[in-house]
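Undergrad: Have a look at this one.
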Amino acid sequence: MDKDSSHNNHLLPSSSSSNRLKRLLNSDHYTSPSKSLCSDRFIPCRSTSKFSLFDIPTSLKETSTAYNSLLRTALFGPNAPVTPDKRTAGNIFRYKTETRQNMHTLSPFLVNDHDLRHDTNYSYTPVVKPNREVPKSPFKVLDAPALEDDFYLNLVDWSSHDVLAVGLGSCVYLWNASSGKVTTLCDLGIGDYVCSVEWAQRGTYIAVGTSKGKVKIWDASQCKTVRTMEGHRLRVGALAWSSSILSSGGRDKSICQRDIRAKDNFISKMSGHTSEICGLKWSYDNRELASGGNDNKLLVWNQHSTQPVLKYCDHTAAVKAIAWSPHANGLLASGGGTADRCIRFWNTTTDSRLSCMDTGSQVCNLAWSKNVNELVSTHGYSQNQIIVWKYPSMSKVTTLTGHTYRVLYLAISPDGQTIVTGAGDETLRFWNVFPSQKSQI
């Protein structure tokens, strides 16, 4: 008995129990004399609806038949046995052939077919996204004659305009990744050699650090020198841009902060390391500069400090590999040399040590993917491998081999999908290791 009938029992006229029983048994055909047909379930009145225009059944019996037919089709498929009355509601709510799916595929879980056949209590297995397949071989290998096997140099960088810069001996060469064209940017001449190259974050300016302690700014679009700046007594092995500010680290243990718009060679000189500086990286928000040195120290500076604001001395070998996370402010990764072999993570916002991973070999470079929360490390003694890691689990996505010398140089393409590695075996190898940004949306 529905809710409406129970409410209206007191409206029925007094009669014998047999008459009341007959009325109940024949309730489909009985109408209360004191009340018009209505319901407290908010069923709209259809007396004024023009269902004939849509060929929709209006009687309760026909509606029930149409509903049952649709329900049967949705649950058991279009070929399920039906009763002789197969009338449906025209084209309304009808599945299109190309979009009809098995009901179980609509579940966020995979269904075990064996359980469907033998168990009325279906057992579901969660969908697990498979590990990404990373090609084990480089898709391109370029010769790089005279590429130095020197841990303290930084000789490869990839610009936002898809041009790769490589320092070979006294020259800097530019390789256009789109056209494959090679251009000689500069030749420092006899008695000097390239120690570092670094593209500006935007535009076509590139900085070149030399063995004589100079920093030269070139406009690569015109192959012209913009200016030459001094400030170091010995070679300049590390460079890092922050907008118009260029930081340079030298064998003389100092870091020079240079504003290329100012006339002076540098606007400040920072001291904190006790040995050659071999790693420099600005954070993505340009608020912090991290430096690594042959004194096994990792130091963090702010935009205006001449002394480090944070000091980390946990590494037991030179710190060349430095990478800031693009996904979390203040998350910094660093890698140690042969006697250390560890990748360490720091939170510079809270000045805290987060975790440490022993990689088993010298850590030469680190770079964070901007497309996914992963990073890549390159290694030297003794395995010369390339490893892609998931963060924060530090599980290995893949390990790549092919170089026969230490993988001392690393750069990422502007789209964030490809890395290029360089080694003392005088080759540059190109690997597809990260997914595209669109595939993560």
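The values are calculated or read from the model by the stated rules, or taken from the named source; none is laboratory data. Keep in mind that this is a model prediction, so the values were computed, not measured. Virtual Cβ from ideal backbone geometry, glycine too; neighbours counted across all protein chains shown. Heads up: the accessible areas ignore ligands, DNA and RNA and are worked out on the full protein's heavy atoms, side chains in. Shrake-Rupley method; radii C 1.70, N 1.55, O 1.52, S 1.80 Å.
Undergrad: Based only on Cα atoms, what Rg/Rh ratio does region 221-269 have, Rh being taken as Kirkwood's radius?
TA: Ratio value, two decimals: 0.97.
Undergrad: Find the relative contact order for region 243-365 and round it to a whole percent, using C-alpha pairs within less than 8 Å whose residues are 6+ positions apart.
TA: RCO, region 243-365: 15 percent.
Undergrad: Treating only the Cβ of Lys, Arg, Asp and Glu as charged (+1, +1, -1, -1), what charge dipole size does region 141-432 show about its Cα centre? Round to the nearest 20 debye.
TA: Computed charge dipole of region 141-432: roughly 540 debye.
Undergrad: Restricting to Cα atoms and excluding each atom paired with itself, what does the Kirkwood estimate give for region 141-432 in Å?
TA: Value: 18.7 Å, from the Cα pair sum.
Undergrad: Additional query: Using modelled backbone amide H atoms (1.01 Å from N, in-plane), which distant-in-sequence or interchain residues come within less than 5 Å of T427's amide H?
TA: A144
Undergrad: Let me ask something additional. May I ask you to derive the relative contact order of region 141-432, considering only C-alpha pairs under 8 Å and at least 6 residues apart, and to give it as an integer percent?
TA: 13 percent
Undergrad: Within the accessible area of region 141-432, what % is carbon and sulfur when the probe is 1.4 Å and the other protein chains stay in place?
TA: Summing carbon and sulfur atoms, their accessible area is 45 percent of the total for region 141-432.
Undergrad: Accessible area per residue, 1.4 Å probe, Å², for region 141-432: what's the number?
TA: 39 Å²
Undergrad: Going through the cross-link list K136/K253; K216/K253; K263/K311; K224/K311; K140/K370, which pairs have a Cα-Cα distance over 28 Å in this structure?
TA: As for pairs spanning more than 28 Å Cα to Cα, those are K136/K253; K263/K311; K224/K311.
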